[in-house]
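What follows draws every value from the coordinates through simple rules; no lab data is involved. The model shown is predicted, which means the values in this text are computed figures rather than measured ones. So basically every Cβ, Gly included, is an ideal-geometry build from the backbone, and we count neighbours across all protein chains shown.
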Amino acid sequence: MIDIRNLDVVFGHGGGAHHAVRDFAMRIEPGQSYGLVGESGSGKTTVLRALAGLLDRVARVSGDMTVAQESLQGQRRSRHFRRRVQMVFQDPYGSLHPRHTVDTILGEPARVHRLDRIEDRVVQALEEVGLDASFRFRYPHQISGGQRQRVSVARALITEPEIVLLDEPTSALDVSVQAEVLNLLMRLKRDHGLTYVLVSHNLAVVAHMCEALSVMQNGSVVETLGVQQLRDHSPQMPYTRQLLTASLGYDRAAIDAFEEFA
Amino acid sequence: MSESPLLRVEDLHVSYNTPTGIVNAVSGVSFELGREKLGIVGESGSGKSQTGRAILGLTATGGRVRAKRLEFDGTDLLHADARTMREVRGGCISMIMQDPKYSLNPVMTIGSQIEEAFLVHRATSKADARQRTLDMLHAVKIRAPERVYRAYPHEVSGGMGQRIMIAMMMIPEPDIIIADEPTSALDVTVQLQVLAVLDDMLSERGMGLIFISHDLNLVASFCDRILVMYGGQVVEECAAADLDQATHPYTRGLLNCLPSLDGAREELPVLRRDPAWLSNSEASR
């Protein structure tokens, strides 16, 4: 479904250039959920943005990307691509237009893609994410963080995508709300046969959601593993093992054994 | 704890007058703190940060704080005058905030900010303060103390910024540290390294810590004792090691709704909130 090879992303020029992603490769089967894990600055979000074509005139992107037999050229994306690939962002406060009602927010992708029955689609998308029609005429500031993230998910569903790119979809939410949103994402995936790419720093969320994952550090993939390896605590690479140890909680002795990976 | 507690909080209430009525952010919280690590956990809006701020008299204007008792080592914090509170803040109890980006002064060098914290509370020479600052930067495991001393906050990473905050709060040698989500903005490994620095300093100096966090696993593994807050009240108190045997449905709900690294569960149990969890203490208002 998604095949990325030799992806390189460089921000800036000359001495100030920052090589954010180096020789990145990833292969995702249809219907799979694939996790991209790493600490801040590891390049995981940049990969997602390069795939979505959001780095035009922002960075130099090179490499081969194919999505469902469509070979992607540079950062330009076809209308077809933009309809079948949608994205949900981390911050539900920043990713919804503060002066647009939920109705306008959800209707916009449908209008952009010149879809019919916009009103029906909006109501249906809201229903799918567990919000009733009374939310249509509210503004983002009138609803809670979890509800806002549901609206973001609904907006992604409007165009009936095949692939949804999820950039830390629950990291701004309380754990009880996170559980609701994760359950929602799992159900939508089952109902619509979606393919997910999930970027997260939270290994437990990835272990819960994904079948396979790549661990990134400093722009490169350190290790690609199946979720069972993660659940068995048996990753191969020292960096992944350290990340796993750190995710298990505070252990004074283990911390002294932490290494710097540069 | 056989010795008398450092801090006693009894029936603490924090309320705000808003255009839509009175909001009770904290209602009837009581606890004692000795030389131990006490974790306060809860979701956003549970009142955990408001509790920490009320202890230091940092409740926002418009907020009203009431308590039967709010006492540090015999000093009544509730009725203390501004001068006494200035001595208490930093000198006796200090607070580590969540985000070093917003909590450090951007136009002062790191060295002079830490020095200032020391000079306010100790009558000493500038040269002595400088030396103590460098020692403290060394103690929080900053590799090049001289360089960081002269640097500005924007020139250091998040992890280093939080170590600098710890250094600043530790240097007047307070008895209690209140840490409000001190490491939530950091990557996991850095987070644990910063906590290890804090942990070592606490045990060396025999200080008490109030650790405010939304992260149950972290609190359970880092602290000695845990208060679980919900809707401005403490709904459960237990030893950190016994958190997995917690009985309150809210605590159980929070524990259950966490995705786990080991298990494959199709569906995460969703927390069902029950209004009956909140004992009605409104009558005492």
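Computed quantities for the displayed model
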quantity: Scope region B:136-173; condition of a type in the set (D, E, K, R), at negative phi and under 24 Å from the mean Cα position of the chain (by Cα); matching residues; calculated: B:163
quantity: Enumeration of residues in region A:96-133 that are in contact with a Ser or Thr (Cβ under 6 Å, 6 or more places away or on another chain) and part of a loop (DSSP other than H, G, I, E, B); calculated: A:113
quantity: From B:258, B:271, residue being at the interface with another protein chain (Cβ under 9 Å from one of its Cβ atoms) and touching a Ser or Thr at 6+ places or on another chain (Cβ under 6 Å); calculated: B:271
quantity: Qualifying residues in region A:81-95 (those that are in a helix (DSSP H, G or I) and in contact with a strand residue (DSSP E or B) (Cβ under 7 Å, 6 or more places away or on another chain)) - the one nearest to residue A:198 (Cα to Cα); calculated: A:84
quantity: Test: residue in region A:26-48 that is among the acidic types (Asp, Glu), touching a strand residue (DSSP E or B) at 6+ places or on another chain (Cβ under 6 Å) and surrounded by 15 or more Cβ atoms within 10 Å (Cβ to Cβ); calculated: no
quantity: Single match in B:171, B:177 (criterion: buried (at least 21 other Cβ atoms within 10 Å of the Cβ) and either touching a strand residue (DSSP E or B) at 6+ places or on another chain (Cβ under 6 Å) or within 9 Å of chain A (Cβ to nearest Cβ) (or both)); calculated: B:177
quantity: Within region A:143-239, strands (runs of 3 or more DSSP E) holding 1 or more residues that are closer than 30 Å to residue B:44 by Cβ; calculated: A:163-167, A:195-200, A:212-217
quantity: Matching residues, region B:251-272, being surrounded by 12 or more Cβ atoms within 10 Å (Cβ to Cβ), assigned to a loop (DSSP other than H, G, I, E, B) and in contact (Cβ under 8 Å) with a residue 12 or more places away in the chain; calculated: B:257, B:258, B:268, B:269, B:270, B:271
quantity: Residue match in region B:222-236 (condition: more than 10 Å from chain A (Cβ to nearest Cβ) and free of Cβ contacts under 8 Å to residues at least 60 places away in the same chain); calculated: yes
quantity: Residue check, residue B:53 among the charged types (D, E, K, R) and touching a Gly at 6+ places or on another chain (Cβ under 9 Å); calculated: yes
quantity: Count - residues of region A:246-260 that are facing chain B (nearest Cβ under 9 Å) and over 24 Å from the mean Cα position of the chain (by Cα); calculated: 8
quantity: Complete set of residues in region B:37-56 that are crowded, with 18+ Cβ neighbours inside 10 Å and either in a loop (DSSP other than H, G, I, E, B) or touching a Lys or Arg at 6+ places or on another chain (Cβ under 8 Å) (or both); calculated: B:37, B:38, B:39, B:40, B:41, B:42, B:43, B:46, B:47, B:56
quantity: Matching residues, region A:227-245, being farther than 12 Å from residue B:261 by Cα and among the β-branched types (Val, Ile, Thr); calculated: A:240
quantity: From the options B:66, B:122, residue that is away from chain A (no Cβ under 14 Å) and in contact with a strand residue (DSSP E or B) (Cβ under 9 Å, 6 or more places away or on another chain); calculated: B:66
quantity: Index of the failed condition, residue B:241 passing every other in (1) more than 11 Å from chain A (Cβ to nearest Cβ); (2) in contact with a Gly (Cβ under 9 Å, 6 or more places away or on another chain); calculated: (2)
quantity: Filter result for residue B:216 (closer than 30 Å to residue A:260 by Cα, at the interface with another protein chain (Cβ under 8 Å from one of its Cβ atoms) and surrounded by 15 or more Cβ atoms within 10 Å (Cβ to Cβ)); calculated: yes
quantity: Odd one out for residue A:194, checked against (1) of a type in the set (A, V, I, L, M); (2) more than 8 Å from every other protein chain (Cβ to nearest Cβ); (3) touching a Cys at 6+ places or on another chain (Cβ under 8 Å); calculated: (3)
quantity: Residues of region B:129-161 classified as in contact (Cβ under 8 Å) with a residue 24 or more places away in the chain and in a helix (DSSP H, G or I), total; calculated: 13
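Here is a yes/no grid of residues against (1) among the acidic types (Asp, Glu); (2) buried (at least 18 other Cβ atoms within 10 Å of the Cβ); (3) closer than 23 Å to residue A:89 by Cα:
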{"position": "A:189", "(1), (2), (3)": "no, no, yes"}
{"position": "A:196", "(1), (2), (3)": "no, yes, yes"}
{"position": "A:199", "(1), (2), (3)": "no, yes, yes"}
{"position": "A:202", "(1), (2), (3)": "no, yes, yes"}
{"position": "A:206", "(1), (2), (3)": "no, yes, yes"}
{"position": "A:230", "(1), (2), (3)": "no, yes, no"}
